[in-house]
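Structure first, then comments.
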Amino acid sequence: MYTKERTGIGRLSAMGLIVAIGIVFGDIGTSPLYVMKAIVGANPAFGSDYIYGAVSCIIWTLTLQTTVKYVLIALRADNKGEGGILALFSLLRSMKPRWLYVVAAVGSAALVADGVITPAITVSSAVEGLRVFDSSLPVVPVTIVVILGIFLMQQAGTGKIGRFFGPFMLLWFLMLGALGVANIGQHAAVLKAFNPLCAVRLLVSSPEWFLIMGAVFLCTTGAEALYSDLGHCGRRNIEVSWLFVKVCLILNYLGQGAWLISNNSVADSVNPFYAIMPGWFTGIGVVMSTGAAVIASQALLSGSFTIFSEAISLGFWPRMKIKYPGAEKGQLYIPAVNMALLVGCLLTVLIFRDSSHMEAAYGLAITVTMLMTTVLLSFWMVSKGVPKVLCVLFATVFGAIEGVFFVANLFKFTHGGWYSLGVAAILAAVIILWRNATRARAGFIEFRPMAECMPMLTAIKADDTIAKYASNLVYFSRSASTDAIESKIVYSIVNKQPKRADHYWFIHVETVDSPDTLDYTAEVIVPGSVYFVSMRFGFRVEPKVTAYFRQVVEDLVAAGELDLTSTYPSLKAMGVPGDFRFMILHRIFSPSSNCSRRDRRLMLVHERLRRIGISDQKAMGLETSVVTEETVPLIINSGTGRRISPREEIQIGQKMSHIGQNGAEE
């Protein structure tokens, strides 16, 4: 047995910190643009206590929700360096209850739905800010052009984007902090907001508490993307950079709060974010805000690529083409996902047309994701041996906080929240149906003992009357063990068309939910004739089966387990190696199957959903190889069908005999 493996580990570094600031915190970092404005909109006739309470809600939401739940707890629930709700689920697959996959499916779908809206609302807000220079600026066309540019940049890879965005966002956060410090002096009593009682008093005494909480929630919408981007930047880089980001955010919110209290009479007619800027700085501030709003969309886009790559490895989504733009750990790009998100963003812009209308659709879906993450984190804590009292406390506290946010955001449903929940519902349905269909389909695949089939293969190899099909015949097997082989592979070699070869190879390819795994095992089943290779790819490793299989063959040749020289006399004399032919079997569900309605529906659903993905040849990286595709029937006989009776057999036999006699007489 031969084994090869490669792994990668993220490290704390200055460049890593800059990339984290550019990629991870774009969404949460632009919240000062609209949070305080939305809070004022909830109660235009506010007083100082209202602002103290609102800023206190923001501070403690960032502390409890973002810092405690995500930075201190969730980032530790990593799957070999990968984060996000599906990485968290992959750590719990062996646990009960089994319905946790539904939690993961709903949460991941809601996060992707939020990723459809985030670029649209941030870019629209930025473009609308440019009206300071030109009030007649056509918002929708400019927004569409900017969004197209953002999505075109994705193919460059998050590493290159992060290096470009990082320095800009560093200046952005420094600007936020400096503006906040410069304005706190207008009403220093705003520092009372650090007292959580201010938040409690506001929520208890305000009949419009749901509007306040709906606005406050916008300050932490980027927390889930922060967790999803763990694999792009590493836990330590995110933890350290968050300390800086959080300080800058809180300082800016305090500065806006102080300005609002000191300028109560005009507060409802301006955006406090721009109002705290000196007059000479406003133009620079608008340009910086525009750039930061554009960058903010990157966090959820890179997180969406991670979600889909993890979903594919978990069997939650059909296989798709994944590209790896850079050599840095965690860099990937999925063209089909990028295109789908682009279409979704453009539809959002065309449907809502204005950022104020998009706000109603923004935030509702992400509360669903946060609730699902809380459920999974609670089970993860149990699996790590955390005392059950603490696990229950965690689930209760954060379930209550996110439950309040969810109820508050539900008031947005009829005003646009239906859009994000609708997108999430469609994605969740596809995930659940595909997962159930593939699992049901796998259960109907039949296997035969490997030892039982070897005499047939060696006999075919020795039969010179059968034309040689290939020197090396390679099949992809679903069996992870050398004890069994799929019946349809034996059918292809023996029954469909006898296929004689010098060497038979059976390759089992497994995409695992650890990101950087790349290893193989190779076993000799029949010396000089039959070989079994098992390859494992992490979901961030490009599955170039042809290239890696070549390495396996070279290792076996070097170990003396394989003679690769062609057996054709003319080629053997010149030392030419034998050819390779890869066989791909497509199992098509047979309408003649005798199975339950549920199984029939699942098989038909699988046939339709698999069209979303790419072909097996592309998925395996076999584009440059000699590949033959064969179609074999998938016949499911899980029930007892009707059989012809013996009496009918006799009658038919007599009738056929009579016809034969008549034919002879004629």
Exercise for the section: Answer yes or no: is there a residue in segment 558-580 that is touching a residue at least 40 places away in the same chain (Cβ under 8 Å), under 14 Å from Phe476 (Cβ atoms) and either open to solvent by 10 Å² or more (accessible area, probe 1.4 Å) or not hydroxyl-bearing (Ser, Thr, Tyr) (or both). Expected result: yes
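Within segment 28-56, track down each residue that is among the hydroxyl-bearing types (Ser, Thr, Tyr), open to solvent by 30 Å² or more (accessible area, probe 1.4 Å) and assigned to a loop (DSSP other than H, G, I, E, B).
Tyr34, the sole residue that qualifies.
Could you tell me which residue of segment 509-518 is farthest from the chain's Cα centre (by Cα), considering only residues that are open to solvent by 20 Å² or more (accessible area, probe 1.4 Å) and not β-branched (Val, Ile, Thr)?
Leu518
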Practice task
Test Gly53 against the stated conditions and say whether it is under 30 Å from Phe165 (Cα atoms) and of a type in the set (Gly, Ala, Ser).
Solution key: no
Practice task
Answer yes or no: is there a residue in segment 476-486 that is surrounded by fewer than 21 Cβ atoms within 10 Å (Cβ to Cβ), more than 19 Å from Leu622 (Cα to Cα) and of a type in the set (D, E, K, R).
Solution key: yes
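Name the residue, out of Lys246, Lys323, that is of a type in the set (Lys, Arg) and more than 25 Å from Leu62 (Cβ to Cβ).
Exactly one residue qualifies, and that residue is Lys323.
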Handout entry: Condition broken by Val24, with the remaining ones in (1) modelled with pLDDT of 85 or more; (2) open to solvent by less than 10 Å² (accessible area, probe 1.4 Å) satisfied
Key = (1)
Exercise for the section: Consider only pairs whose beta carbons are under 7 Å apart and that are at least six residues apart or on different chains; among these, list those whose first residue lies in segment 597-612 and is more than 14 Å from Phe444 (Cα to Cα) and whose second residue is not hydrophobic (A, V, I, L, M, F, W, C). Expected result: Leu609/Pro318; Arg610/Pro318; Ile612/Pro318
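Assess whether Phe316 counts as being over 28 Å from Asp49 (Cα atoms), open to solvent by less than 40 Å² (accessible area, probe 1.4 Å), part of a loop (DSSP other than H, G, I, E, B) and at pLDDT 80 or above. Outline the logic, then answer.
Details: over 28 Å from Asp49 (Cα atoms): yes; open to solvent by less than 40 Å² (accessible area, probe 1.4 Å): yes; part of a loop (DSSP other than H, G, I, E, B): yes; at pLDDT 80 or above: yes.
Answer is yes for this residue.
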Problem - The one condition in (1) open to solvent by less than 10 Å² (accessible area, probe 1.4 Å); (2) more than 17 Å from the chain's Cα centre (by Cα) that Ser125 fails to fulfil - result: (1)
Completion exercise
A careful count of residues in segment 415-461 that are open to solvent by 40 Å² or more (accessible area, probe 1.4 Å), over 28 Å from the mean Cα position of the chain (by Cα) and among the aliphatic types (A, V, I, L, M) gives 3
Completion exercise
Considering segment 81-109, residues that are over 16 Å from the mean Cα position of the chain (by Cα) and of a type in the set (D, E, K, R), and then whichever is nearest to Leu249 (Cα to Cα), we arrive at Arg93
Fill in the blank from the handout: If we keep only residues of segment 88-101 that are of a type in the set (A, V, I, L, M, F, W, C) and open to solvent by less than 50 Å² (accessible area, probe 1.4 Å), then the residue farthest from Val430 (Cα to Cα) is Met95
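Okay, residues lined up against (1) part of a loop (DSSP other than H, G, I, E, B); (2) in contact with a helix residue (DSSP H, G or I) (Cβ under 7 Å, 6 or more places away or on another chain); (3) in contact (Cβ under 8 Å) with a residue 40 or more places away in the chain; (4) open to solvent by 10 Å² or more (accessible area, probe 1.4 Å):
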site	(1), (2), (3), (4)
Gly255	no, yes, yes, no
Ile261	no, yes, yes, yes
Ser265	no, no, no, yes
Met277	yes, yes, yes, yes
Trp280	no, no, no, yes
Ile284	no, no, no, yes
Val287	no, no, no, yes
Thr290	no, yes, yes, yes
Ser302	no, yes, yes, no
Practice task
Say whether the condition of being assigned to a helix (DSSP H, G or I) and over 30 Å from Ala109 (Cβ atoms) is met by at least one residue in segment 224-231.
Solution key: no
Exercise for the section: For segment 178-199, indicate whether the set of residues that are among the small types (Gly, Ala, Ser) and not in a helix (DSSP H, G or I) is non-empty. Expected result: no
Fill in the blank from the handout: Filtering strands (runs of 3 or more DSSP E) wholly in segment 526-640 for at least 2 residues that are closer than 30 Å to Asp516 by Cβ and aromatic (Phe, Trp, Tyr) gives 530-538, 580-589
Practice task
Sort out which residues of segment 570-591 are among the hydroxyl-bearing types (Ser, Thr, Tyr) and either closer than 16 Å to Arg439 by Cα or touching a strand residue (DSSP E or B) at 6+ places or on another chain (Cβ under 8 Å) (or both), and write them in order of number.
Solution key: Ser590
Practice task
Return yes or no: is Lys412 surrounded by fewer than 18 Cβ atoms within 10 Å (Cβ to Cβ) and of a type in the set (Lys, Arg)?
Solution key: no
Exercise for the section: For Gly185, state whether it is small (Gly, Ala, Ser) and closer than 22 Å to Val68 by Cα. Expected result: no
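Pro527 - would you say it is surrounded by fewer than 14 Cβ atoms within 10 Å (Cβ to Cβ) and touching an Asp or Glu at 6+ places or on another chain (Cβ under 9 Å)?
yes
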Fill in the blank from the handout: The number of residues in segment 322-344 that are under 19 Å from Lys544 (Cβ atoms), open to solvent by less than 10 Å² (accessible area, probe 1.4 Å) and at pLDDT 85 or above is 1
Practice task
State all residues of segment 620-635 that are open to solvent by less than 20 Å² (accessible area, probe 1.4 Å) and either β-branched (Val, Ile, Thr) or out of contact with any helix residue (DSSP H, G or I) (no Cβ under 9 Å at 6 or more places or on another chain) (or both); if no residue qualifies, say none.
Solution key: Val632
Practice task
Mind telling me which of the residues Val552, Val474, Val557, Val509 ends up being of a type outside the set (S, T, N, Q) and out of contact with any Lys or Arg (no Cβ under 9 Å at 6 or more places or on another chain)?
Solution key: Val557
Practice task
Inspect all residues belonging to segment 350-359 and state whether any of them is more than 24 Å from Thr511 (Cβ to Cβ), buried (at least 18 other Cβ atoms within 10 Å of the Cβ), at pLDDT 75 or above and among the hydrophobic types (A, V, I, L, M, F, W, C).
Solution key: yes
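The values are calculated or read from the model by the stated rules, or taken from the named source; none is laboratory data. None of the values given here were measured: they were computed from a predicted structure. Because the Cβ atoms are built from the backbone with ideal geometry, glycine has one as well, and the counts that use them run over all protein chains shown. Just the protein is used for accessible areas: all its heavy atoms, side chains included, with ligands, DNA and RNA removed. Shrake-Rupley method; radii C 1.70, N 1.55, O 1.52, S 1.80 Å.
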